[in-house]
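Scroll down for the structure; my scribbles are underneath it.
The values are calculated or read from the model by the stated rules, or taken from the named source; none is laboratory data. Keep in mind the model is a prediction, meaning the values are calculated, not measured. Note: ideal-geometry Cβ built from the backbone for every residue, glycine included; neighbour counts use all protein chains shown.
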Amino acid sequence: MKPRGQSNPPNPFIPIRVEWVGEPPSTRPEVFEDATREILSRNDSPDVGFTYSVNPYRGCGHACAYCYARPTHEYLGLGAGTDFDTRIVAKLRAPELLREVFERPGWRGERLAFSGVTDCYQPLEASLKLTRGCLEVCLAYRNPVALITKAPLVERDLDLIAALAREARASVTISLPFLDAERARALEPGAAAPERRLKTIARLAEAAIPVGVLLAPVIPGLNDEEIPRVLEAAAAAGARKAGYILLRLPGSVRPVFEERLRRALPERAERVLHRIRSTRGGALYDARFGHRQRGTGPHATAVAALFEALARRAGLSTDLCETDAPTTFRRPRAQLELFG
């Protein structure tokens, strides 16, 4: 990623604010170690289709302007803008910690989501291989997994994911909100091009790995018009399922998104912000469960109806969440004991 000028909204947990006189200094990627002793995140939101997730990284080099996880960096004393994109925190003991979880008597082999917050295949994963290490643990214990990413790097682990799909349960969902390459580059500057992500869907399907597509986020007034093309292209590439999430702008995500939208697409910014408000009761965000993922109002209703109809026409299931099934989880030593 190229160096960029520093730009962070004020951190609500830090009373000091720095304002640069003139151009801010450029910022280069930095990596920090997370010394946490826990690797699982437990979700209790009714809007999310999983209970447990694994997040090997905090912050993300994809630098997506709309990322709802940006405020999590503020808990670390960092900023939700450039800091989130370039100051990445890595859980270097992630595979070891996951193995410890699987050895606990209370673990029952629930499906794990990779990742519920930031992309588990972001650029840093190419060298640290924390996600791959965690998948090796999952395969050893035959623990079901569901991965979501926008990175072709997932293809590196086709061997592990395919084995998990055969011996346990595994699926991959590719995040693809745009087909327009210029819009994607403007708002997802560190992520792979849309056409490259379609190739990833095809390669996952060829490896007999259940693969879906997630239009996240759908940005009213910007990429909602691309829904038909995205669904058709994903289905043609081999996707079986599809889902979408309406743009979410909690906390400091709003100023980051608005700043980058105005800078990258000034001619469309006002139209987009107006349309967003039309799906959020006149505001830019509605945090209520049941509404934050889908929005309200005529435009949000039209998007939902359009998506369902087009997905059905493309032969895509709109149920990205797996139904409950008996777990395949087995502790390796328990398997050996069967043979004396």
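For the subset of segment 29-40 comprising residues that are surrounded by 10 or more Cβ atoms within 10 Å (Cβ to Cβ) and modelled with pLDDT under 90, which member is farthest from Val256 (Cα to Cα)?
Of everything passing the filter in segment 29-40, Thr36 is farthest from Val256 (Cα to Cα).
Within segment 261-279, is even one residue more than 25 Å from Ser7 (Cα to Cα) and not β-branched (Val, Ile, Thr)?
Within segment 261-279, one or more residues are more than 25 Å from Ser7 (Cα to Cα) and not β-branched (Val, Ile, Thr).
Given Arg240, Arg263, which one is surrounded by fewer than 20 Cβ atoms within 10 Å (Cβ to Cβ), free of Cβ contacts under 8 Å to residues at least 12 places away in the same chain, among the basic types (Lys, Arg) and out of contact with any Asp or Glu (no Cβ under 8 Å at 6 or more places or on another chain)?
Just a single option satisfies the conditions, and that option is Arg263.
Looking at segment 280-290, is at least one residue among the hydrophobic types (A, V, I, L, M, F, W, C) and either part of a helix (DSSP H, G or I) or in contact with a Gly (Cβ under 8 Å, 6 or more places away or on another chain) (or both)? Outline the logic, then answer.
Of segment 280-290, the ones among the hydrophobic types (A, V, I, L, M, F, W, C) are 283-284, 287, 289.
With either part of a helix (DSSP H, G or I) or in contact with a Gly (Cβ under 8 Å, 6 or more places away or on another chain) (or both) added as a condition, the list becomes none.
Within segment 280-290, none of the residues are among the hydrophobic types (A, V, I, L, M, F, W, C) and either part of a helix (DSSP H, G or I) or in contact with a Gly (Cβ under 8 Å, 6 or more places away or on another chain) (or both).
Could you look through segment 181-196, keep only residues that are touching a residue at least 40 places away in the same chain (Cβ under 8 Å) and of a type in the set (Lys, Arg), and pick out the one that is farthest from Val154 (Cα to Cα)?
Residue satisfying both the conditions and the ranking: Arg183.
From the list Val272, Val213, Val230, Val256, which residue is over 22 Å from Val154 (Cα atoms), surrounded by 23 or more Cβ atoms within 10 Å (Cβ to Cβ) and in contact (Cβ under 8 Å) with a residue 40 or more places away in the chain?
Val256
Conditions (1) among the hydroxyl-bearing types (Ser, Thr, Tyr); (2) farther than 23 Å from Gly212 by Cβ; (3) touching a Pro at 6+ places or on another chain (Cβ under 6 Å), marked per residue:
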{"residue": "Arg87", "(1), (2), (3)": "no, yes, no"}
{"residue": "Arg93", "(1), (2), (3)": "no, yes, no"}
{"residue": "Ser115", "(1), (2), (3)": "yes, no, no"}
{"residue": "Tyr121", "(1), (2), (3)": "yes, no, no"}
{"residue": "Cys138", "(1), (2), (3)": "no, no, no"}
{"residue": "Val145", "(1), (2), (3)": "no, no, no"}
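Which one of the conditions (1) touching a Gly at 6+ places or on another chain (Cβ under 6 Å); (2) part of a helix (DSSP H, G or I); (3) farther than 30 Å from Val303 by Cβ; (4) not hydroxyl-bearing (Ser, Thr, Tyr) does Pro123 fail to meet, given that it meets all the rest?
Checking Pro123 against (1) touching a Gly at 6+ places or on another chain (Cβ under 6 Å); (2) part of a helix (DSSP H, G or I); (3) farther than 30 Å from Val303 by Cβ; (4) not hydroxyl-bearing (Ser, Thr, Tyr), the one that fails is (2).
Looking only at segment 55-71, which residues are within 14 Å of Gln122 (Cβ to Cβ) and not basic (Lys, Arg)?
Within segment 55-71, Asn55, Pro56, Tyr57, Gly59, Cys60, Gly61, His62, Ala63, Cys64, Cys67, Ala69 qualify.
Anything in segment 150-178 that is surrounded by 18 or more Cβ atoms within 10 Å (Cβ to Cβ) and either more than 25 Å from Gly49 (Cβ to Cβ) or touching a strand residue (DSSP E or B) at 6+ places or on another chain (Cβ under 7 Å) (or both)? List them, or say none.
Once the filter is applied, which keeps residues that are surrounded by 18 or more Cβ atoms within 10 Å (Cβ to Cβ) and either more than 25 Å from Gly49 (Cβ to Cβ) or touching a strand residue (DSSP E or B) at 6+ places or on another chain (Cβ under 7 Å) (or both), segment 150-178 yields Lys150, Val154, Ile161, Leu164, Ala170, Ser171, Val172, Thr173, Ile174, Ser175, Leu176, Pro177.
Give just the number: which of (1) out of contact with any Pro (no Cβ under 6 Å at 6 or more places or on another chain); (2) of a type in the set (A, V, I, L, M, F, W, C); (3) assigned to a helix (DSSP H, G or I) does Ala191 not satisfy?
All conditions pass for Ala191, except number (3).
Go through segment 194-214 residue by residue and tally those that are assigned to a helix (DSSP H, G or I), aliphatic (A, V, I, L, M) and farther than 18 Å from His62 by Cα. I'd like the intermediate steps shown before the answer.
Start the filter on segment 194-214 by keeping residues that are assigned to a helix (DSSP H, G or I), which leaves 194-206.
Of the ones still in play, those that are also aliphatic (A, V, I, L, M) are 198, 201-202, 204-205.
Then drop every residue that is not farther than 18 Å from His62 by Cα, which leaves 201-202, 204-205.
Matching residues across segment 194-214 total 4.
Among the residues of segment 129-150, how many are free of Cβ contacts under 8 Å to residues at least 40 places away in the same chain, part of a helix (DSSP H, G or I) and hydrophobic (A, V, I, L, M, F, W, C)?
Summing the residues that are free of Cβ contacts under 8 Å to residues at least 40 places away in the same chain, part of a helix (DSSP H, G or I) and hydrophobic (A, V, I, L, M, F, W, C) in segment 129-150 gives 2.
Considering only residues that are of a type in the set (Asp, Glu) and out of contact with any strand residue (DSSP E or B) (no Cβ under 9 Å at 6 or more places or on another chain), which ones fall in segment 298-323?
Of everything in segment 298-323, just one residue is of a type in the set (Asp, Glu) and out of contact with any strand residue (DSSP E or B) (no Cβ under 9 Å at 6 or more places or on another chain), namely Glu308.
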